Amino acid sequence: MTEWEYAKQIIETINARGGEAYIVGGAVRDYMLGHLPDDIDIATSLFPDEVLALFPKAVPTGIDHGTVTVILDHHPFEVTTFRSEGTYSDSRRPDHVALGVSLEEDLLRRDFTMNAMAFHDGNVVDLFGGRLDLEAKVIRTVGSPYERFDEDALRIMRAFRFMAQLDFTLDEELVRAASALGHKLRHIAMERIAIEFEKLMAGPAYKRALSSLMAAGIHAHLPDMDRHLLEKVIDDDRRPVNALGGWALLLYHAGDANWLAAWKRSNATKREASRLARLLSTGLDTFAIYDTPEATLDTYLRMEGRTDRALELKRALPIQRRSELRFDGRDAIAIGASGATIKHLLAYLERAVLHGELPNEATKLRKEACAWLRHEERS
């Protein structure tokens with residue numbers, strides 16, 4: 001069964017209980033654009049306790065906001081009671097949520113018209129012109145963009161992110177509102193902003209989105225982001241292809257290994273983005289192929305428009321990892337090496353094998369190691 005068919009099964013179960021239920025949000029948008037979505041959310045007139053009673057496997061994952069996760073054959077679906085939201089005094093989250101409202105009130109609280117449609121039994125409920133905006137390739141808020149952005153400033157970043165992902169145009173009033181209220185992004189957790197920015201950079205129209213973001217002055221509210229940096233990224237012919245590539249491109253043009261720190265990304269992301277930025281500067285050599293993780297190397301190759309694959313390049317090397325070297329720390333100790341000398345010796349042999357200067361054979365590696373050690377002792 002597809003995700004869509006599982007969702008239909010949930011809706012039919014709710015309907016049999018006398019409730020209303022619809023597929024809502026981005027899944028409907030993607031369906032209207034000709035894609036079968038994998039991530040499907042459902043909205044219902046039933047209250048959480050009623051949903052929990054209907055399904056053997058259901059978990060109250062967001063009960064304060066009316067959300068229950070229903071699991072069918074290991075496939076999770078968020079099922080949320082129709083709700084309206086009060087004021088957003090912190091520009092991040094509603095002060096209170098009211099459950100048990102109408103479908104129209106539920107859709108009214110959503111961000112963009114293209115995300116405010118509902119689907120059931122072949123029919124699309126479109127109360128705010130989402131279908132027309134999809135056809136026109138325009139991103140427009142539900143109601144006033146000033147109100148929507150004042151409620152949740154992250155919607156500003158989401159607008160530019162969708163622009164990049166869908167190659168749509170932003171409604172003019174939306175851009176004016178974003179420019180006027182961009183300062184409210186300071187109330188949003190940097191991790192949430194970074195996720196939206198990552199998605200923007202991975203979108204096919206990221207250059208258009210960056211140009212629009214810059215024209216609206218939003219870059220001024222992002223960490224260490226200036227026009228000069230963005231202009232260099234836009235002028236670069238290398239496409240980011242994914243989040244890691246986006247950060248690497250920015251790091252490369254920022255020329256500062258610590259530039260990413262303020263964006264609160266994981267240590268792994270910062271490490272691999274820095275590694276990839278160095279590759280963008282130096283290009284590939286044998287040791288870089290050997291030393292770079294496969295996923296990072298694949299991102300580099302795609303950014304450079306190359307057709308070869310990381311796995312193929314790595315398999316062509318004499319060794320894939322140091323543990324394959326037929327000379328190890330115990331062998332080094334056996335010939336008299338100690339302390340930091342062992343590390344330097346193994347690194348020397350590793351590079352010699354990788355560059356084809358030595359075969360990966362125990363006898364020849366031991367002989368070379370002895371010669372290297374004698375030379376080190378004399379120097």
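The values are calculated or read from the model by the stated rules, or taken from the named source; none is laboratory data. Because the structure is a prediction, the values reported are computed rather than measured. Methodologically, a virtual Cβ is constructed for each residue, glycine included, from the backbone with ideal geometry; neighbour enumeration extends over all protein chains shown. Only protein heavy atoms, including side chains, enter the accessible area calculation; ligands, DNA and RNA are left aside. Shrake-Rupley method; radii C 1.70, N 1.55, O 1.52, S 1.80 Å.
The table below lists the values:
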{"quantity": "Members of LYS199/LYS264; LYS199/LYS270; LYS8/LYS137; LYS270/LYS343; LYS137/LYS207; LYS343/LYS367 lying beyond 23 Å, as alpha-carbon distances in this model show", "calculated": "LYS8/LYS137; LYS270/LYS343"}
{"quantity": "Surface share of carbon and sulfur [accessible, 1.4 angstrom probe, percent] for the stretch 56-213", "calculated": "49 percent"}
{"quantity": "The stretch 24-79, accessible area per residue, ligands and nucleic acids excluded (1.4 Å, Å²)", "calculated": "51 Å²"}
{"quantity": "From phi via Karplus (6.51, -1.76, 1.60), per-residue ³J(HN,Hα) for the stretch 62-73 in Hz, x at Gly/Pro", "calculated": "x, 4, 5, 10, x, 9, 10, 9, 9, 10, 10, 6"}
{"quantity": "The stretch 117-207, Cα convex hull volume normalised per residue, Å³", "calculated": "117 Å³"}
{"quantity": "Reference-scaled alpha-carbon Rg (2.2 N^0.38 Å with N residues) for the stretch 150-201", "calculated": "1.08"}
{"quantity": "Signed unit charges on C-beta, dipole axis of the stretch 274-379, positive-most listed residue HIS355, LEU311, ALA332", "calculated": "ALA332"}
{"quantity": "Among ALA220, VAL241, ALA194 the positive-end extreme of the charge dipole of the stretch 169-290 (Cβ point charges)", "calculated": "ALA194"}
{"quantity": "Carbon plus sulfur fraction of accessible area for the stretch 308-379, probe 1.4 Å, in percent", "calculated": "49 percent"}
{"quantity": "Helix-only mean residue ellipticity at 222 nm for the chain, each DSSP H run of n ≥ 4 adding -39500 (n - 2.57), per residue, nearest 500", "calculated": "-15000 deg cm²/dmol"}
{"quantity": "About the Cα centre, charge dipole magnitude for the chain (Lys/Arg +1, Asp/Glu -1 at Cβ), debye", "calculated": "1800 debye"}
{"quantity": "About the Cα centre, charge dipole magnitude for the stretch 334-379 (Lys/Arg +1, Asp/Glu -1 at Cβ), debye", "calculated": "80 debye"}
{"quantity": "Volume in Å³ per residue [convex hull over Cα atoms, computed for the chain]", "calculated": "192 Å³"}
{"quantity": "Net length gained if the chain between ILE319 and ILE195 were fully extended (0.36 nm per residue, minus Cα distance)", "calculated": "41.0 nm"}
{"quantity": "Listed residue (VAL124, PRO145, MET157) projecting farthest to the positive dipole end of the stretch 114-219, Cβ model", "calculated": "MET157"}
{"quantity": "Only Lys, Arg (+1) and Asp, Glu (-1) charged, at Cβ; the stretch 178-324 dipole about Cα centre in debye", "calculated": "360 debye"}
